[in-house]
Amino acid sequence: MKNRVAAITMAALLLLYLVLVMRYAFVLITTDVPAARAMGFALAVLPVVGFWALYAEIAFVLRGESMVRALAALGELPVDDLPRLPSGRIDPKEADKQFPAFQAEVEAAPADWKAWTRLGLAYDASGDRKRARWATRQAIRLRRGKPLSPRSA
């Protein structure tokens, strides 16, 4: 819950920043100085990219959470019985020991979004956030009826 509040706060601050940048870009665009106008148009690109990135990140999180809820409803979530470090995080060495089972599941059923979701959770438990996001993206693609990206084929 604490992470969710922090993420919502950061998203709200980013939105505020992007709105203020867009407002400043508009002020520059409406001046009579050609250099200021050019700077205003250039500055207007930042909020567009920022809004797109924020939307993409929020959509990714919501879709990922939806898949985890669906797995939980089906009773197919991996059991979270891994030992914890003093910080409360999962011990990555212990998570690595369980990882081959999830990898084998994906290799046996590469078109199963549930297997990819569990693989993403296994990567996350092992501390490999980059691959966790990649596996989750594959799961999202499959759940939406799209083919896997070329990297996984």
>> Please give me the summed charge of the neighbours of S87: other residues whose Cβ is under 15 Å from its Cβ, Lys and Arg +1, Asp and Glu -1.
In response: +2
> Suppose R0 equals 30 Å; then what is the FRET efficiency for D96 and V45 from their Cβ-Cβ distance, rounded to the nearest 0.05?
Replying inline: 0.10
> To the nearest 0.05, how large is the calculated FRET efficiency for V33 and A56 if R₀ is 35 Å and r is the Cβ-Cβ distance?
Replying inline: 0.50
> For K2, which lysines qualify as cross-link partners when the Cα separation must be under 24 Å and same-chain residues fewer than eight apart are set aside?
Replying inline: K130
>> Please list, short to long, the whole-number percent of alpha-carbon pairs of segment 92-152 in consecutive 10 angstrom bins beginning at zero.
In response: 28, 54, 17, 1
> In Å and whole numbers, how far do the C-alpha atoms of the chain stretch along each principal axis, longest first?
Replying inline: 65, 40, 27
> Counting other Cβ atoms within 10 Å of each Cβ, which trypsin sites (Lys or Arg not before Pro) in segment 60-153 have at most 13 and sit in a DSSP loop?
Replying inline: R89, R144
> In a shell of Cβ-Cβ distance under 13 Å around A104, excluding A104 itself, what net charge do Lys and Arg (+1) and Asp and Glu (-1) give?
Replying inline: -2
> How large is the charge dipole for the chain, taken about the Cα centre, if only the Cβ atoms of Lys, Arg (+1) and Asp, Glu (-1) carry charge, to the nearest 20 debye?
Replying inline: 300 debye
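For the chain, list the DSSP H helices whose alpha carbon atoms reach 15 Å or more along the long axis and whose average Kyte-Doolittle value is 1.6 or above? Working shown, then result.
Details: long enough: 2-29 (40 Å, 1.72); 34-74 (61 Å, 1.28); 92-108 (24 Å, -0.88); 113-126 (20 Å, -0.28); 129-143 (21 Å, -1.49).
Span-like helices in the chain: 2-29.
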> Could you state the principal axis extents of the C-alpha atoms in segment 2-53, from the largest down, to the nearest angstrom?
Replying inline: 48, 15, 10
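Bear in mind that the values in this text are calculations on the coordinates, not laboratory data. Being a predicted model, the structure only gives us computed values, none of them experimental. Counting neighbours? That spans all protein chains shown, and the Cβs are built from the backbone with ideal geometry, glycine included.
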